[in-house]
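Participant: Could you have a look at this structure, given as structure tokens, before my questions?
The values are calculated or read from the model by the stated rules, or taken from the named source; none is laboratory data. All of these numbers come straight from a predicted model, not from anything done at the bench. Ideal geometry is used to build each Cβ from the backbone, glycine not excepted, and the neighbour counts take in all protein chains shown. All accessible areas refer to the heavy atoms of the entire protein, side chains included, with ligands and DNA or RNA removed. Shrake-Rupley method; radii C 1.70, N 1.55, O 1.52, S 1.80 Å.
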Amino acid sequence: MVSVALILLFVLSCIVLRLISVIRRTRTRFSDARPTPPKTCSLAVFLGSGGHTSEALVLLSALDFSRYSPRKYIYSQGDILSAKKAVNLESLKAPECTSHPSVPQVHSTDATTPYTLVSIPRARRVHQSLFTTPVTAARSLITCLYHVTIAPLLSGHPFADVLVVNGPGTCCMLCLAVYVNRFFGFHSPKMIYVESFARVKTLSLSGKLLRPFVDRFVVQWPELLNDGGRGECRGWLI
């Protein structure tokens, strides 16, 4: 029994040390001298429905789609409106892509595809009981692991170079899946969290949870950085 306990303690210590190493590397990744950016960059963005989707698509609308390609839009199951908004943005920004169904649930790994839409289960539904949340959160995490870890390993195409999220809670499952990749040394996207424009005085729950772990944490109101925590203000009023 003593030997088993020692082995378990050793394994647990290795896991903890590896996690600490990954988190430290994430925190210093953007503070070091940055290399020359690549000519193209694959992008994934989580559309959190409602205002989260609108804000995310406004951010994307300012990008040069010829540089940020291919693009991957991730939306929650049942959120057809967010998927349609993504398709509308693509039709405006990339008119050469004309033949798409109204809600193309594409899971293609072809790197030449301009964009894909991926549906994942919600980690927690509105007004869902906290007692059943672990079940739905686990289901969401498993699906995220498939798209972020398993599918790229099978296809040879990475999930994305950059992952942009702005809430709500389901995006935490995506970021957790990214950390699984980092733990095992697989290719993982840089994570950028952009706090909602509606958050003026306090951070959202998703922001509080992900702030220590994402590569860049961006807020749009300077008051949110008064606590001295990590982050940068990129608000349009500044």
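Participant: Which residue pairs have Cβ atoms closer than 6 Å, lie 6 or more positions apart in sequence or on different chains, and pair a first residue in region 182-193 that is touching a residue at least 24 places away in the same chain (Cβ under 8 Å) and exposed (fewer than 15 other Cβ atoms within 10 Å of the Cβ) with a second residue that is part of a loop (DSSP other than H, G, I, E, B) and hydroxyl-bearing (Ser, Thr, Tyr)?
Facilitator: Within 6 Å, no pair qualifies.
Participant: Mind checking which residues of region 123-175 are among the basic types (Lys, Arg) and at pLDDT 95 or above?
Facilitator: Listed by number, the list holds a single entry, Arg139.
Participant: Sticking with this structure for a sec: Just one of the numbered conditions (1) hydroxyl-bearing (Ser, Thr, Tyr); (2) open to solvent by less than 20 Å² (accessible area, probe 1.4 Å); (3) outside any loop (DSSP other than H, G, I, E, B) is not true of Thr143; which one?
Facilitator: Unmet for Thr143, out of (1) hydroxyl-bearing (Ser, Thr, Tyr); (2) open to solvent by less than 20 Å² (accessible area, probe 1.4 Å); (3) outside any loop (DSSP other than H, G, I, E, B): (2).
Participant: Follow-up. Quick check on Thr202: is it assigned to a helix (DSSP H, G or I), over 11 Å from the mean Cα position of the chain (by Cα) and surrounded by fewer than 19 Cβ atoms within 10 Å (Cβ to Cβ)?
Facilitator: Spelling it out, it is not the case that Thr202 is assigned to a helix (DSSP H, G or I), over 11 Å from the mean Cα position of the chain (by Cα) and surrounded by fewer than 19 Cβ atoms within 10 Å (Cβ to Cβ).
Participant: Exactly one condition in (1) outside any helix (DSSP H, G or I); (2) touching a residue at least 24 places away in the same chain (Cβ under 8 Å); (3) open to solvent by 20 Å² or more (accessible area, probe 1.4 Å) is not met by Ala123; state its number.
Facilitator: Result: Ala123 passes all but (3).
Participant: Something else about it: Within region 146-164, count every residue that is part of a loop (DSSP other than H, G, I, E, B) and either open to solvent by 50 Å² or more (accessible area, probe 1.4 Å) or touching a strand residue (DSSP E or B) at 6+ places or on another chain (Cβ under 6 Å) (or both).
Facilitator: Count: 5.
Participant: Can you name every residue in region 57-96 that is open to solvent by 60 Å² or more (accessible area, probe 1.4 Å) and hydrophobic (A, V, I, L, M, F, W, C)?
Facilitator: Within region 57-96, Val58, Leu59, Ala62, Ile80, Leu81, Leu92 qualify.
Participant: Next question, about the same structure. Looking at this structure, is Arg139 of a type outside the set (A, V, I, L, M, F, W, C) and closer than 20 Å to Val194 by Cα?
Facilitator: no
Participant: State all residues of region 206-236 that are crowded, with 18+ Cβ neighbours inside 10 Å and touching a Pro at 6+ places or on another chain (Cβ under 6 Å); if no residue qualifies, say none.
Facilitator: The one that is crowded, with 18+ Cβ neighbours inside 10 Å and touching a Pro at 6+ places or on another chain (Cβ under 6 Å): Ser206.
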